[in-house]
1. Is at least one residue of the range 915-930 open to solvent by 60 Å² or more (accessible area, probe 1.4 Å) and either more than 26 Å from Leu840 (Cβ to Cβ) or assigned to a loop (DSSP other than H, G, I, E, B) (or both)?
2. Keeping to the range 700-715, report how many residues are more than 10 Å from the ligand (Cβ to nearest atom), assigned to a helix (DSSP H, G or I) and not polar (S, T, N, Q).
3. Would you mind stating whether Asp658 is out of contact with any helix residue (DSSP H, G or I) (no Cβ under 8 Å at 6 or more places or on another chain), among the charged types (D, E, K, R) and away from the ligand (no atom under 16 Å from the Cβ)?
4. Just checking, how many residues over the range 462-503 are at positive phi and either surrounded by fewer than 21 Cβ atoms within 10 Å (Cβ to Cβ) or at pLDDT 90 or above (or both)?
5. Would you confirm whether any residue within the range 943-957 is hydrophobic (A, V, I, L, M, F, W, C) and part of a strand (DSSP E or B)?
6. Restricted to the range 584-600, and to residues that are touching a residue at least 40 places away in the same chain (Cβ under 8 Å) and touching a Phe, Trp or Tyr at 6+ places or on another chain (Cβ under 8 Å), which residue is most open to solvent (accessible area, probe 1.4 Å)?
7. Of the residues Ala400, Ala425, which is modelled with pLDDT of 85 or more and over 32 Å from the mean Cα position of the chain (by Cα)?
8. Can you spot a residue in the range 262-270 that is at pLDDT 95 or above and either open to solvent by 10 Å² or more (accessible area, probe 1.4 Å) or outside any helix (DSSP H, G or I) (or both)?
Amino acid sequence: MSADGVVDLRRPEPLEPDEALEVVSSAFGLAVSHPVTLGGEFDQNLRVTDPTGRHYLVKVSALPDAGPSTADWHERILLHLQTTAPELPLPRLIPALGGHRYVIAPTSKGDRMFRVLSWLTGAPLAEQEHSDELLGELGRVAGLVSNALASMPEPSTAITHDWDMRRARDVVDRSIGAVDDPQQQADVSEVMRWFDTIEPLLADLPRGVAHQDLNDSNILATTDPDGRQRISGVLDIYDALYTARVAELAVATGYALVRKQDPMHVAQLVVAGFNAVAPLTDDELAAVFPLAAARLAMNAVTWTQRNANTRNDHGARRMQHTWPALAKVARIDPDYAEAALRVACGRPAHPDARRVAAAVATPAAPWSTAERSAVPVDTGTASDLFDVINWDQPAEVGRAVDGLLGSRADGFGVIDHLRPNLLWAGQRGVGADEPATTTLGTRLLLREGDPVTCPLGGVIETGDGLVLRHDVVDDDGPLTFRTHWHGLRPTASGPDVAAGAALGSAHGDAGDGLGTAVGVSVSLARRHRPGAGWPERVTPGAAAVFAELSPDPAALLGLERASASTLRAQNVLSIRRERLASSQRAYYRAPMNLQRGRGVWLYDEDGYGYLDSLNNVTHVGHADPRVAEASRRQMNKLNTNSRFLYEGISTYAQKLTDTLPDPLNVVFFVCTGSEANDLAVRIARQVTGRADIAIIDGAYHGNTGVVTGLSPNRYKGPGGAGAPPTTHEVMIPDRYRGPFGYDDPDAGSKYGAEAARLFDDMVSSGHPPAAFLAESLMGTAGNIVFPDGFLATAFAAARAAGALVISDEVQVGVGRMADTFWGFELGGVVPDIVTMGKPLGNGHPLAAVVTTREIADAFDTGMKYFNTFGGNPVSCAIGSAVLDIVLDDGLQQHAGEVGRYFADSLRQVQRRRPIIGDVRGQGLYLGVELVRDRDTKEPAKAEAFEVTELMKAEGVIVFPNGVHDNVLKIKPPMIFQREHVDIYCEALDRVLSRL
Ligand code: PMP
């Protein structure tokens, strides 16, 4: 018993495992062996095994100073739980020979208490990733424990220990001296400030016996064959206390926040799970987040202190994740947290939310004395404002906004409450915080010095920004809320400001190029914290909660909500599902609604940026202004079909064929890669008078009827009907999986000989090939880079069999291969026909077939070839601009430099992550092949799709392709830089570490 009359639990010096085994066999009659030491803070825990293979848990404890009565109490709790909540997965106490549930035995280290418990399956939560469902179940289990213990009486002796939540302040103060890092100190003091505000409430909250240690080492979970995680064990009752029952939930929640990207989301799941079985009071909901945060702080400082004294692996492991979790938690506004937890439990964000919304629905007086007209300013991702400016350049933004307002001398701009703002765009995820991209409150774009009057009488509370407290009375009685004003120089004469009186004048630069912006937001913050401010922007994920916590002030300002609403992802998706064929799949389980691209980034409706490592058509980058301008100028002058004469088609044909070796200098312009291949095959069939075509196994050549039958990637895949009789497959020259590997210097000629054998067979069986259609590096088949000599051998053999050779450059052309402008040049060959598509138009449908004069003439049998859209003036202007950019900006050379750096960086990740079986590539076209086992090379297809989802959450766009759908395709815009490679590789490494 310590001085203040409470029981103090201590850590005993551990016994040799064999000594413990002896006691267990003599006192419990269990012939156990194979002791395995497990973690544990106070007790020595051993897993032991009997001759039948059954495991038990042996706990060896110091005798509590209070003697066995505490142990009795713990046992009563366990038995009580077992009888009142049989659905809980609890260990059973194995009785000793005399029927006792524990044995006190003398040992070499003094008297020790021995207990034996049945073994539960599963791994501790600390060792697994947690599905949302599991986190909900964690809350539910905590609620069941709490309900079951509610009927236990208060113990006669007050029990406490250093993990007692009520003592958080003492515990933290005692050990905070061991924390050196000033940021860590600040984080602790922030969350302890929250604790201090709720601490006085604790005594009045519902009380009961609590397990009080549902931490992530004490909860076990297993995974069902269908991938569902379930809680399979609740351990370690030995921190039980009689306390506020919300402590139960707070402990479970606190540890669940560790190792999480979005702690608030996690807290919502756990708390909602608890509330579903053990409904929480409003005050408990207010206390749970500060308590959970305090628990993290207690944990962090206690272990930091203990580690400072003696190195403890358990503690060191814990600290590695606890401090970063605390850092994240400390940045969450506790008022927001309370609101978010209320919403998660199906309650209004604030008990007074509806009353305050009604109170601000009409102004008591106009907000400004001037009669002025409001000009809506949309700063959302889709806003036209950002089409032609760099939104990261405040001067350009300022000019664009002035342009909107300028024509009206009496106008002022209005940015609506809770609208995403592209000026605050940020990369999604990155293992860190969600970017706060959403405007909180209405922003008024005023001129410096513009007077602002008070729309609703109030009392000025603080100089940190300008906060007005409004005390009003409605049908339900008195009501208090606040309005927050940013960007105002206060002019009010005293603390009391009447409706219509001067409040301040617009002052200062908003810093985002918008000039003087006065932000007005309404807050229902329950506990106004002077100095803490009220955010001017929030994350999109928090917007739903803020919509209630901070009602739209537009009406208070006499304004109508102005911004044009665009469809949200869910609506876009549901219309798409309704009106598009289901075979046209979208990427991702929950696709983002993309509204803008710029350079290597794509932006969604929330202003989240995603690094584009995939979107192969935007060769020179998204929304390149030169391409857009070329298109706009030509569109304004002339667009028509190619039977008319216009300059663009001639000059572009010249420019394009100038990039190709002789005699490839005659063009057919078409619109898609599929169409190009379809036409190329038609030409070959007509010119040779043959029907059969050889392709490479695994290839994809497009979507028309003809080329689908030339695409094993389709006809062999789901729903495929198999190869048509005229299609013949050459073995895929895959050095990772095929018979001739990277270690075979003759792999190229060996795979070439395989191709030659097929052509011979075709000839001898009376099906001589009209064409050999081949990519120069296989894209959809999984980034198959050909071994040296393959193309030369195969082309020579095809020609010897009388075939024309068609190079499909749809994926690889236009400098991406870095060493050469066209892919076939890597193999030192010149095909008879080249097809090209994707990169030519930077996303505009522009494709081409280029061949020799001789073949083109042979195709002219008198039948006209006409293509309505192919080679139209706008397409040619775009194509010409793209070629100029590639050449002027040296993108081919750049692809080489960045591509090499990319490959090297990926190989470094590969060294750390065994799931990466192969990294291959050429120039800026790479593939990362994922396997379950590097020896068997079992394709990790499901994992590849999981990586796709996880990378999306990190703000990086990737997608698998390949014969087994297990190769991450890397084909970014050619302007990708090293810094983007770093973002990609760091995200991939993090994601793979979590698989
Ligand atoms: N050839 C290859 C090698 C391709 O990868 C593709 C498209 N993925 C096509 C042809 C078809 O091009 P499009 O989608 O423009 O019709």
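1. No, the range 915-930 contains no residue that is open to solvent by 60 Å² or more (accessible area, probe 1.4 Å) and either more than 26 Å from Leu840 (Cβ to Cβ) or assigned to a loop (DSSP other than H, G, I, E, B) (or both).
2. Within the range 700-715, residues that are more than 10 Å from the ligand (Cβ to nearest atom), assigned to a helix (DSSP H, G or I) and not polar (S, T, N, Q) number 5.
3. Yes.
4. 3
5. Yes, the conditions are met somewhere in the range 943-957.
6. Among those residues, the one meeting the criterion is Tyr587.
7. Ala400
8. Yes, the conditions are met somewhere in the range 262-270.
The values are calculated or read from the model by the stated rules, or taken from the named source; none is laboratory data. Bear in mind the structure is a predicted one, so any value in this text is a computation, not a measurement. Cβ: placed from backbone, ideal geometry, glycine included. Neighbour counts: every protein chain shown. The accessibility values were calculated without ligands, DNA or RNA, using every heavy atom of the protein model including side chains. Shrake-Rupley method; radii C 1.70, N 1.55, O 1.52, S 1.80 Å.
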